[in-house]
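Beneath this line is the structure, given in C-alpha cells, with notes to follow.
The values are calculated or read from the model by the stated rules, or taken from the named source; none is laboratory data. From a predicted model like this one, the values you see are computed outputs, not experimental measurements. All Cβ positions, glycine included, derive from the backbone under ideal geometry; neighbour counts span all protein chains shown. With ligands, DNA and RNA removed, areas are computed over all heavy atoms of the protein, side chains included. Shrake-Rupley method; radii C 1.70, N 1.55, O 1.52, S 1.80 Å.
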Amino acid sequence: MELLQVILTAALSVVALFLIAKVMGHKEVAQLDFFDYISGITIGSIGAELATELETPWKPLAAMLVYGAVALGLDILTNKLPRTRKYVNGSPTILMDRGKIYRDNLKKAKLNLTEFMMMCRQVGYFNLSDIQTAVLEYNGKLSVLPVSTKRPANPADLELVPPPESINTEIIMDGRVLEDNLKRKGLDLKWLQKQLKEQGCHDAKEIFLGVCDENNALSLYKSFSTQNTGARSD
C-alpha cells in the first residue's frame, strides 16, 4: 500500500512539474534572470519532496503552485508594463566602452578585472583593444561589440548582394519518408525515388537524414556507425 502511495505522489510530482514548466514557458538557462533561475531550482526541489510526501502531499504541491504563480505573474507584469523590467529583471551594464573600463560598473556587477577578462576570452576576445563596447546583460552574459576593423567582413562590406536563403525541409528522417513535407514542397514519391536512384541509394531506409532546399535539390546523409569510421570511444 505504501509503495502505491509513493507511485501516486511521484506521478503527481511529475505532472505538477510538467504543467508548471509549460505555463512558465521555454527558456534556455542563459536566458533566465536570477529570480527565474532560483525559482526553477526551488520548484524542482519541492517537486522532489512531493514525490515522497505520503502524509500531506498537498503542502509541497501548494508551495510549487505559489512559486510558479509568482514567476508567471512577474513575467506577465514585465510584458504588460515595460517600465517594470529594470526593477524585476535588471538592466544591462556597460563595463567597457571605447577603450575605457568602468571600475564602478564592474563593482556594481560584482565582477573583478580578472573575471571580466575571462568573460571576454570566453566570447572570443583575448585582446581588449579589439573591443569597442562590452555590455553585461541582465542574465549574466557578456555582449561584445568589436571595433570596426576587427569584426568579420560581411557581403555589404564587399558590395555583394547574395540571394536570400531559406530553411531546408526534412524529407527523410531516420529512414522514414515524411510524406506531408514532400507534398508541401509539391513533390511526390516518384520524384523521391528518382532522386535516390540518381544518388546511388535503393531505399529511403538507407538514409539517416534527407533535406530539400528551396530549389528542390535533395541532400542525403547516410547513417554510419563509429566502427565503420574507425573511431574509438574508451
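Observations on the model:
Residue by residue, here is whether (1) at pLDDT 85 or above; (2) in contact with a strand residue (DSSP E or B) (Cβ under 6 Å, 6 or more places away or on another chain) holds:
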{"residue": "Val23", "(1), (2)": "no, no"}
{"residue": "Gly47", "(1), (2)": "yes, no"}
{"residue": "Glu53", "(1), (2)": "no, no"}
{"residue": "Lys59", "(1), (2)": "yes, no"}
{"residue": "Val88", "(1), (2)": "no, no"}
{"residue": "Val123", "(1), (2)": "yes, yes"}
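- In segment 157-182, of all residues being under 27 Å from the mean Cα position of the chain (by Cα) and of a type in the set (A, V, I, L, M, F, W, C), the one that is modelled with the lowest pLDDT corresponds to Ile167.
- Against the conditions (1) part of a helix (DSSP H, G or I); (2) under 23 Å from the mean Cα position of the chain (by Cα); (3) touching a residue at least 40 places away in the same chain (Cβ under 8 Å), Met64 satisfies every one except (2).
- Considering residues of segment 82-102 that are assigned to a loop (DSSP other than H, G, I, E, B) and over 26 Å from the mean Cα position of the chain (by Cα) only, the residue nearest to Phe18 (Cα to Cα): Tyr102
- Residue in segment 90-97 that is open to solvent by 40 Å² or more (accessible area, probe 1.4 Å) and without any contact (Cβ under 8 Å) to a residue 24 or more places away in the chain present: no
- Residue that is nearest to Gly140 (Cα to Cα) [pool: residues in segment 103-117 that are in contact with a helix residue (DSSP H, G or I) (Cβ under 9 Å, 6 or more places away or on another chain) and in a loop (DSSP other than H, G, I, E, B)]: Ala109
- For the criterion of being at pLDDT 90 or above and basic (Lys, Arg), Arg151 fails.
- Scope segment 60-102; condition aliphatic (A, V, I, L, M) and within 26 Å of Leu142 (Cβ to Cβ); matching residues: Ala71, Leu74, Val88, Ile94, Leu95, Met96, Ile101
- Boolean, Gly186 is at pLDDT 90 or above and at positive phi: yes
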